[in-house]
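Data first, discussion second: the structure below is written as structure tokens.
The values are calculated or read from the model by the stated rules, or taken from the named source; none is laboratory data. What you see is a predicted model; the values in this text were computed from it and never measured. All Cβ positions, even for glycine, are placed from backbone atoms using ideal geometry, and neighbour counts span all protein chains on display.
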């Protein structure tokens, strides 16, 4: 049996690691769309039209991803990111194929992001975050 202190330490480490790594991956999808980084978008490896739904998604992913990586304003930011991924799943994946299940519509990634960010919206960023540092300074 793992001691309660060691269990808490591993839980804290995993919560923070998931937020940082998932935030970086989420950010990278937006950076592909907005900046053309990480291979860009489409066969030209460029950027998307900023005034399109892909542009809106890219700006949400870049901004929210950056905030999630550092753990600042995590609950509202994660709620916005979760909502964007729900819209992506239903509008782009299910809407394009008519299939609700991820194995048929290839929507595994937005589905996972949706629920990862929803859990951070509910539970917060974790101990290694700017939110935790600010709370500590405020005495909370």
The helices (runs of 4 or more DSSP H) lying entirely within segment 1-105 that contain at least 2 residues which are under 10 Å from the mean Cα position of the chain (by Cα) are 4-35, 53-70, 74-87
**Prompt:** Among the residues of segment 10-23, is there at least one that is modelled with pLDDT under 95 and exposed (fewer than 13 other Cβ atoms within 10 Å of the Cβ)?
**Reply:** yes
Selection over segment 116-140 where residues are in a loop (DSSP other than H, G, I, E, B), on the phi < 0 side of the Ramachandran plot and touching a helix residue (DSSP H, G or I) at 6+ places or on another chain (Cβ under 7 Å) yields a count of 4
